[in-house]
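Encoded as structure tokens, the structure appears first; notes follow it.
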Amino acid sequence: YVPDLLPASVRELLYPRYFYRAIESDSAHFDADPTLVLSIMREESRFNPRAKSEAAARGLMQFIIITAVEIGRDAGLVQITPDDLYDPSVIIRLGAKYVGELTKKFGGDHYKTAAAYNAGPAQTALWSRLSPAPGDDFFLSSVTFDETKDYVRKAMNSYKRYGEIYGNTGPQGGLRAEP
């Protein structure tokens, strides 16, 4: 489908902003882009708080307990249990903190932040060094994990769609409807 040709109500259904007040609040606190947090959440769990992966990642932002405990200490959350990862207020706080950290680490580059969220910051740093030139396309060409490459494309597509629908940025990418 061509997003620009869909009615606004349909686009909002395809790209909802569930939990947005919590995302906005925690993102402001941890200096993260709320639209990026929302886009990652959409791709990780499709907004299902009870989502669980085969790798034991849980919740809206799909954290494994080891990462959650580590990020939780820095976010002021102590004694996080696996069941806490199903609590939207906890997982959104952890996700906003982690996205904020990754964004800072990668100089505000959303592509690298999304790649690091999926494959880890060390692997993303390696891909950054292997990138043949500056730019998102060159970085994406250096990503050697198909899953991560696909994930980054999806997350960045969601990011652009959310900007078009809610951020008054106008259409970005794709086909244009012309009279």
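The values are calculated or read from the model by the stated rules, or taken from the named source; none is laboratory data. Only a predicted model underlies this, so the values are computations on that prediction, with no experimental measurement involved. Reconstructed Cβ throughout: ideal geometry from the backbone, glycine too, with neighbour counts over all protein chains shown. These accessible areas exclude ligands, DNA and RNA; they are computed on the full protein's heavy atoms, side chains included. Shrake-Rupley method; radii C 1.70, N 1.55, O 1.52, S 1.80 Å.
Given that compact globular proteins tend to follow 2.2 N^0.38 Å, what is the ratio of the alpha-carbon Rg of the chain to that value?
In units of the 2.2 N^0.38 Å rule of thumb, it is 1.04.
Counting only the heavy atoms of the protein chains, how much of T103 is accessible to a 1.4 Å probe, in Å² to the nearest 10?
About 20 Å², rounded to the nearest 10.
With the Cα gyration tensor of the range 68-116 in hand, convert its eigenvalues to equivalent ellipsoid semi-axes via √(5λ) and list them largest first in whole Å.
On the way: eigenvalues 100, 22, 12 Å².
Each semi-axis is √(5λ); the values are 22, 11, 8 Å.
Using a Förster distance of 22 angstrom, determine the FRET efficiency expected from the C-beta separation of D150 and K52, and round it to 0.05. Numbers along the way, then the final one.
Working: r = 21 Å, r/R0 = 0.93.
FRET efficiency, D150 to K52: 0.60.
For the range 67-169, what value does the Rg/Rh ratio take when both radii are computed over Cα atoms and Rh is the Kirkwood radius, given to two decimals?
Reported Rg/Rh (Cα atoms, Kirkwood Rh): 1.02.
Write down the Å³ per residue value for the convex hull defined by the alpha carbon atoms of the range 1-106.
Values: hull volume 12.3 nm³, N = 106.
Hull volume over Cα atoms, normalised by residue count, gives 116 Å³.
For all pairs of alpha-carbon atoms in the range 14-73, what percent lies in each bin of width 5 Å, listed from the first bin to the last filled one?
Pairs per bin, as whole percents: 4, 19, 24, 26, 19, 6, 1.
Stretch A133-D31 to full length: gain in nm at 0.36 nm per residue minus the Cα-Cα span? It would help to have the intermediate numbers written out before the result.
Details: separation 102, 0.36 × 102 = 36.72 nm, distance 2.78 nm.
33.9 nm is the gain from fully extending A133 to D31.
Give the carbon-plus-sulfur fraction of the accessible surface of the chain in %, rounded to a whole number; probe 1.4 Å, heavy atoms of protein chains only.
Working: 4950 of 9660 Å².
Carbon and sulfur atoms account for 51 percent of the accessible area of the chain.
Averaged per residue, what accessible surface does the range 1-156 expose to a 1.4 Å probe, in Å²? Don't skip to the end; give the middle numbers.
Working: 8150 Å² over 156 residues.
Value for the range 1-156: 52 Å² per residue.
Would you calculate a helix-derived [θ] at 222 nm for the chain, using -39,500 (n - 2.57) for each DSSP H run of n ≥ 4 and dividing by the full residue count, to the nearest 500?
So the calculated ellipticity at 222 nm is -18500 deg cm²/dmol.
So how exposed is M41, as accessible area in Å² (1.4 Å probe, rounded to 10)?
Probe radius 1.4 Å; accessible area of M41 about 0 Å².
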